[in-house]
Amino acid sequence: MKNKIANALSDFFYEYETPRQVLVRNRRVGVVCRLIQLGVLVYIIGWVFIYEKGYQSTDTAVSSVFTKMKGQGYTNVSGNEKVWDVADYVFPPQGDSSFVVMTNYIVTEGQRMGRCPELKGKHNCSTDADCEEGSFKRQMTGVCANRTKTCEVLAWCPVEDDHNIPDPPLLMSAENYTLFIKNSVTFPLFDVTRSNLVEGINSSYIGKCLHDPEDAPLCPIFRLGDIVKLSGFNFETIARVGGAIGIVVDWTCNFDLHLKHCKPKYTFHGLYGNPAETDKAKASVGYNFRYARHYMENSVQKRTLYKVFGIRVDIIVQSLARKFDIIPTLTAIGSGVGIFGVATVVCDLVLLYLLPKREFYKHMKFKNTNTYAKDPDSEAGSIETELSKK
């Protein structure tokens with residue numbers, strides 16, 4: 001018993017098994033094999049290593065964005081002159097990565113809480129019975145106003161009339177406003193922090209530059225009119241009814257190179273609410289919201305209501321950094337070597353099942369052995385029998 005165990009251990013530790021290989025001279029099979037191997041090689045080198053960069057590890061950035069608008073607007077509505085600065089036309093004013101620049105508005109002044117008739121064309125009535133108290137979007141009082149033949153409502157009076165949007169837009173001067181973007185990104189895996197104020201972008205350069213995709217692609221100061229144009233919008237159209245624009249700051253970096261090569265790239269895209277949309281069956285176009293400025297007059301609370309049409313700007317940071325790493329490199333090489341086995345499998349299938357001499361190839365590839373015992377105490381013997389010889 002001990003001898004059998006010792007022999008088994010000896011066979012396990014001191015013997016090496018190798019697969020048998022048969023060299024087959026067949027032009028068609030050889031060409032198929034080499035073509036498959038070439039395809040696998042092209043896939044490994046071209047796709048895995050060059051295109052997908054399978055030899056590198058990847059990381060995405062933690063990002064922060066700060067913005068600042070500059071510029072003044074001027075309006076003259078019915079002889080009422082007004083100068084608009086950043087505090088008036090930017091919402092919210094904190095310099096977020098998403099904000100709205102007002103380009104047009106409808107103002108309703110001197111509103112006070114009370115009872116007043118709806119606008120003509122809204123909730124028309126002939127008697128009080130047509131005005132169900134508390135129904136619809138307005139808080140109705142159940143009274144039909146004889147003068148307008150519309151239902152009376154409890155609301156801020158006079159009610160807003162937003163049918164006629166000013167055309168041309170009141171703040172066309174917004175086209176010359178400028179936007180300053182300051183962006184910082186950190187790649188935790190590689191312990192790298194970068195800012196869009198890269199090498200050469202100093203206070204002197206910022207003071208005189210204006211972003212241009214060709215001449216000044218790294219300048220962080222953007223003219224609002226240029227942003228609209230690069231996103232595919234017409235400024236007068238988007239200024240009239242509003243819209244949304246995305247500014248994408250793309251950080252695609254290869255840290256196998258020097259850090260100075262890691263620079264942002266700015267692109268501009270029109271988002272939802274395209275003002276060129278004319279099909280009313282689709283989603284509503286433009287972008288607008290309302291806000292009110294409250295005040296007291298003769299101990300009565302009043303407000304000025306603004307319906308604001310503006311350009312919503314969303315700054316979107318996308319990032320992907322890469323750097324050489326031995327682990328993904330070995331993984332890519334190992335998977336590539338494994339794929340080379342596809343050529344062997346395909347060629348074996350062709351040899352064993354498709355070619356006219358498939359039985360011959362089967363006899364050459366596989367050897368059958370007959371094993372029988374000479375006596376109970378002797379080792380097993382084997383006789384190898386060739387099933388076919390040629």
*In region 349-358, which residue that is without any contact (Cβ under 8 Å) to a residue 12 or more places away in the chain, part of a helix (DSSP H, G or I) and not basic (Lys, Arg) is farthest from Leu23 (Cα to Cα)?*
Tyr353
*Mind listing just one residue for me: the one in region 124-142 that is assigned to a strand (DSSP E or B) and either modelled with pLDDT of 85 or more or surrounded by 20 or more Cβ atoms within 10 Å (Cβ to Cβ) (or both) and, of those, nearest to the chain's Cα centre (by Cα)?*
Met140
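I'm trying to understand the selection: among the residues of region 258-273, which are more than 17 Å from the chain's Cα centre (by Cα) and either among the basic types (Lys, Arg) or over 24 Å from Asp215 (Cα atoms) (or both)? Full working, then the answer.
Step one: list which residues in region 258-273 are more than 17 Å from the chain's Cα centre (by Cα), which gives 258-263, 273.
The answer is Lys260, Lys263, Gly273.
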*Where in region 145-205 are there strands (runs of 3 or more DSSP E), lying wholly inside it, with at least 2 residues that are without any contact (Cβ under 8 Å) to a residue 60 or more places away in the chain and within 26 Å of Tyr266 (Cβ to Cβ)?*
192-195
*Has region 18-26 got any residue that is free of Cβ contacts under 8 Å to residues at least 24 places away in the same chain and over 22 Å from Val337 (Cα atoms)?*
yes
*Among the residues of region 192-209 satisfying the criterion of being surrounded by 10 or more Cβ atoms within 10 Å (Cβ to Cβ) and polar (S, T, N, Q), which is nearest to Leu320 (Cα to Cα)?*
Thr193
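Matching residues to (1) over 23 Å from Leu170 (Cβ atoms); (2) surrounded by fewer than 16 Cβ atoms within 10 Å (Cβ to Cβ); (3) at pLDDT 90 or above; (4) of a type in the set (Lys, Arg):
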residue	(1), (2), (3), (4)
Phe235	no, no, yes, no
Val249	yes, no, yes, no
Ala292	no, yes, yes, no
Tyr306	no, no, yes, no
Ile316	yes, no, yes, no
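The values are calculated or read from the model by the stated rules, or taken from the named source; none is laboratory data. The model shown is predicted, which means the values in this text are computed figures rather than measured ones. Positions of Cβ are backbone-derived with ideal geometry, glycine not excepted, and every protein chain shown enters the neighbour counts.
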